[in-house]
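Everything below concerns the one structure shown next.
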Amino acid sequence: MEIKKRYNPQETEDKWYSYWREHGYFHSEPDDREPYSIVIPPPNVTGVLHMGHMLNNTIQDVLARKARLDGKNVCWVPGTDHASIATEAKVVRMLREKGIKKSDLTREEFLEYAWKWKEEYGGKILKQLEKLGTSCDWERTAFTMDETRSDSVIKVFVDLYKKGKLYRKKRMVNWDSEAKTVLSNEEVIYKEETTNLWYVKYKIKEEDDYLTIATTRPETIMGDTAVAVNPNDARYNHLEGKHVIVPIVNREAPIIFDDYVDVEFGTGALKITPAHDVNDYEIGLRHDLEVIDVLNPDGTMSPEAEVYIGEDKLIARKKVVKDLKEAGLIDKIENLTHNVGRSERTDVIVEPRLSLQWYVDMKQLAEPALKAVETDEVEFFPKNQKNLYRHWMENIRDWCISRQLWWGHRIPAWYYKDEVFVAETAEEALVEARDRFNDPSFSMDDLLQDEDVLDTWFSSWLWPISVFNGFQSRRELDYYYPTSVLVTGWDIIFLWVARMIMAGYEWEEKRPFKHVYFTGMVRDKQRRKMSKSLGNSPDATQLLSEYGADGVRFGMLMSSPAGGDLLFDVKLCEQGRNFCNKIWNALRLVNGWESSEEAISSKDRLACNWITERFNQVIATTEKNFNEYKLSDVLMDLYSLVWSDYCSWFLEMLKPAKGEKISAVAKDHAIAVMEQICVILHPFMPFITEEVWHIIKDRKEGDDCMISIYPEAKSFNADLLNKIEKAKGMISSIRDIRNKQGIKNSEKLVLHAQPSEIMSACFEQAGFEDVIMKLANLESFTIHKEKVDGVSFISGADKLILEVGDAIDAEEEIGKLEKELEYQEGFVTSVKKKLDNERFVNNAPEAVVNNERKKLADGLKRIELIKETLASLS
């Protein structure tokens, strides 16, 4: 069969992805096999593919494909998140471009536009994930606002309300003035920023004195209803019962005494603005202070401010400062570096705001979820994320779940005056209202539904249950739940992971997933987080186009240690593309060999036995690393097996001389090993492995790499592996000597070895001598005690001498050996130091101590041989 000279990733990827989908290999239905289920962290419906998505979904696909090869029934559920704030912002922007204001539309009209936008632009990211090779069950694609998921959200809200685990209360909240909605604590990102600290003078009523107060927010002065000092601060004891005049608005405000005030900050006097600071609000409650809200929901000054009405708060700040300066009320201005909370979505500074909102009582849900992680019932990889999780769960606060938006799940609560009716439908709410008022004439016109929607995460926390229709039917949930593993970023451990665990125990009384694998952050080579502003984030789709999906997957995982940050370098994608080419060239090489029915030589038999044992050794290691989610380590082992062991050594051992044939047995073995390499490499590089699988030999319908069987770990012959490592070391040393001495590869050389137990055992291995003779291009290779002139080198604890005629430079050789002697003496010293440590010898495992003793013996032997060689050269 004629094989193309070059591997074409684009052509191959489109062909096989379509083939897999057409054959239903991604789809799952419950059967008698062991299930392996994963739910995709649903990307925002507004999203486009970025490096974080590629890493996360590559890892999930590796795990899914490996599980299929293990014979499991894999169900990987894809989907998207409706992303209330982000999507509504996109739709509002689209409408603005058409000259339409949201305020000019009814709720129904706005939602009609929103759904049209979602159908036209939303979900683009899922199409992009297909290009990465993700083997999701696309027939199960879910959306957090589709009918099934929406029904689940409403049921859960009503259930929590009836259990007394959900309530409505007026509290200080985090307010996003751009999105005009409340945010949960987890949606506020704190950043260290430097701002001004203004020292403002408040006139003390009926005195010629002033009380100076330090503030970072002069625009809220108009909302001040008190000035507080610490009762233990002797500087202000004389002010008890006094009042100040609030600047700008000239309103009287009492001077109060409260332990909260920090005597060390600023002047030790604090302006109290209950409507605009969480701590001020609490102080206000204790002292029964008036609450004056000087800001509108959009961040402009409200009528209650009395001045600058309608101005943006930052413009108002400048005007306040200007007016204060003109009135002589600014004492001084300093720089202050402190943490400022910004909205995760819009990046605006978050405002504390007093508002009536819905909350989930998280303390009632937290205990089983904390215990599950502490006892490894839900096991974290890496383990250190347990500490972060524990800290948050032990200090958990109630979850504000209402959002002042239209795009999302509308809260299923209806109101009549101060009465609240929570029900799954308006009809059920009406029935409840009629029962409560004992009035059958009560109608829907009397009820008003809550205008707010639920936090996006309120649908996402149900994801492992709702994607299997768990709130409507048990059939699929009983089979697929709990899911096998969740792959996600540590940055949403609170927003999503913890809440899903709580939801799992609340409604299913069991964990939602067995394992959680936390990926690291994708960073550049300088360890900077990738971002558009820095210009260090490559275009994900461009990478796929340039290097192929397999090359990009390789590049992502080769730079991704388990749980650690990924230091991405595009050169690793280039390395992945080169790896594909290496595999392709190996296929062409083996395919081009002519075979004969002659008996296999001892050299080729040794080569075939060795690559089989090496393959078994790698499988044993990779299986352990798979179980520990050390996927980067697995890939590195496979890369070494294929590039180094199979291509650079095994095929070179077998490769017939020009014009000669290879035994059919040896060629068949080379093909069989390549076939198995396709299987074990398939989870990481699915496209090239499927292509090679089908070229390497004729296949029946359905005999595809994707659904083949992953080889089981077997015992391996460590002695044989050590002997070949010995041969490889000797061959490499001879090649190095040729290179340094300028000896052509075509020139045959003579090799001598001093007698030793190890060397004798190697020579007894059939084919050992022939492998070295071929790959080192030797005329002869003998063991004897006679002194011979030539270049000596050490292999393990054995001394070998290579005859190189007049080419040897004795002075250079002495210098090289002296450097080696210095290194070996340092090595022996370090090993001795370790063995002289009684604590190490007594506490380390016996095998580890014995290995150190062997290293010492080998090192001493090498030193002895080097000294002998130096003496002979001198």
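The values are calculated or read from the model by the stated rules, or taken from the named source; none is laboratory data. All figures in this text were calculated on a predicted structure; none of them were measured in a lab. Positions of Cβ are generated from backbone atoms using ideal geometry, with glycine treated the same way; all protein chains shown enter the neighbour counts. To get the accessible areas, we keep the full protein, side chains included, count just its heavy atoms, and leave off ligands, DNA and RNA. Shrake-Rupley method; radii C 1.70, N 1.55, O 1.52, S 1.80 Å.
Which is the longest stretch in the chain that no exposed loop site breaks, taking sites as chymotrypsin sites (Phe, Trp or Tyr not before Pro) with a DSSP loop state and at most 14 other Cβ atoms within 10 Å? Don't jump to the answer; show the numbers that get you there.
Values: sites that count: Tyr260, Phe265.
The longest such stretch corresponds to 266-874.
Across the accessible surface of segment 434-535, with the other protein chains kept in place and a 1.4 Å probe, carbon and sulfur atoms take up 46 percent.
Test of the criteria: in segment 29-136, which trypsin sites (Lys or Arg not before Pro) are in a DSSP loop and have at most 14 other Cβ atoms within 10 angstrom of their Cβ?
Working: sites: Arg33, Arg65, Lys66, Arg68, Lys72, Lys90, Arg93, Arg96, Lys98, Lys101, Lys102, Arg107, Lys116, Lys118, Lys124, Lys127, Lys131; in loops: Arg33, Lys72, Lys98, Lys101.
Hits after loop and neighbour filter: Arg33, Lys98, Lys101.
Summing charges over neighbours of Tyr36, with a neighbour being any other residue whose Cβ is under 11 Å away from its Cβ, gives +4 when K and R count +1 and D and E count -1. For segment 398-550, a simple Cβ point-charge model (Lys and Arg +1, Asp and Glu -1, everything else neutral) yields a dipole of about 1260 debye relative to the Cα centre. Taking the DSSP beta bridges with both ends in the chain, the antiparallel portion is around 70 percent. Exposure check, 1.4 Å probe, all protein chains in place: Met558 carries approximately 40 Å² of accessible surface. Computed from phi, the 3J(HN,Hα) profile of segment 728-733 under the Karplus parametrisation 6.51, -1.76, 1.60 (θ = phi - 60°) reads 4, x, 5, 5, 4, 5 Hz, with x in place of Gly and Pro.
For Thr456, the residues whose modelled amide H falls within less than 5 Å of its own, excluding neighbours fewer than 5 places apart on the same chain, are Ser84. Under 5 Å from the amide H of Lys799 lie the amide H atoms of Gln754, each residue being 5 or more positions distant or on a separate chain, with H modelled from the backbone and absent for Pro and chain starts. Rounded to the nearest 20 debye, the dipole size of the chain about its Cα centre is 1800 debye, using +1 on the Cβ of Lys and Arg and -1 on the Cβ of Asp and Glu. Our note on the geometry: Cα centres of segment 721-740 and segment 21-71, 44 Å apart.
Per-residue SASA remark: Glu97, around 150 Å² accessible (1.4 Å probe; ligands, DNA and RNA not included). Take every pair of alpha-carbon atoms less than 8 Å apart whose residues are at least six positions apart; their mean separation over the length of the chain yields a relative contact order of 12 percent.
In the neighborhood of Asp668, defined by Cβ-to-Cβ distances under 11 Å, what is the net charge if each Lys or Arg adds +1 and each Asp or Glu adds -1?
Working: positive: Lys667, Lys697; negative: Glu675.
Net local charge, Asp668 excluded: +1.
For segment 632-654 versus segment 775-840, the inter-centroid distance based on Cα atoms is 27 Å.
The trypsin sites (Lys or Arg not before Pro) found in segment 739-778 that occupy coil by DSSP, while having at most 13 further C-beta atoms within 10 Å, are Lys744, Lys748. Averaging the Cα positions of each part gives two centres, and for segment 471-487 and segment 177-228 these lie 50 Å apart. Summarising the amide proton neighbourhood of Asn44: residues at separation of 5 or more, or on other chains, whose placed amide H is nearer than 5 Å comprise Asp81. Based on protein heavy atoms only, the chain ends up with 46 Å² per residue of surface accessible to a 1.4 Å probe. Remark on segment 479-554: Rg and Dmax equal 17.2, 48 Å (Cα only). Residue by residue, segment 10-18 carries 3J(HN,Hα) couplings of 4, 4, 5, 5, 4, 4, 6, 5, 5 Hz when phi is fed to the Karplus relation 6.51 cos²θ - 1.76 cosθ + 1.60 (θ = phi - 60°); x denotes Gly or Pro. Projecting the Cα positions of Leu635, Phe793, Ser18 onto the charge dipole of the chain (unit charges on Cβ atoms of Lys, Arg, Asp and Glu, taken about the Cα centre) puts Phe793 furthest along the positive direction.
Secondary-structure-derived ellipticity at 222 nm for the chain, considering helices only, amounts to -14000 deg cm²/dmol, per-run term -39500 (n - 2.57) for DSSP H runs with n ≥ 4.
With the Kirkwood sum run over all distinct C-alpha pairs, segment 249-342 has a hydrodynamic radius of 15.3 Å.
From the coordinates of this entry, volume of the Cα convex hull per residue in Å³ is computed, and it appears in [x] 179; [y] 249; [z] 170 under the label [y].
Residue by residue, segment 188-198 carries 3J(HN,Hα) couplings of 9, 9, 8, 10, 6, 9, 9, 10, 7, 10, 8 Hz when phi is fed to the Karplus relation 6.51 cos²θ - 1.76 cosθ + 1.60 (θ = phi - 60°); x denotes Gly or Pro.
The spread of Cα positions in segment 727-801, taken along each principal axis and listed from longest to shortest, comes to 33, 26, 19 Å.
Name the GluC sites (Glu not before Pro) in segment 698-783 that are in a loop by DSSP and that have at most 15 other C-beta atoms within 10 Å, would you? Write out the running numbers ahead of the final one.
Details: sites: Glu701, Glu712, Glu725, Glu747, Glu757, Glu764, Glu769, Glu779; in loops: Glu701, Glu712, Glu747.
Those satisfying the criteria are Glu701, Glu712, Glu747.
Note on the chain: dipole from Cβ charges, positive end direction compared against Ala327, Gln357, Pro686; the farthest Cα belongs to Pro686.
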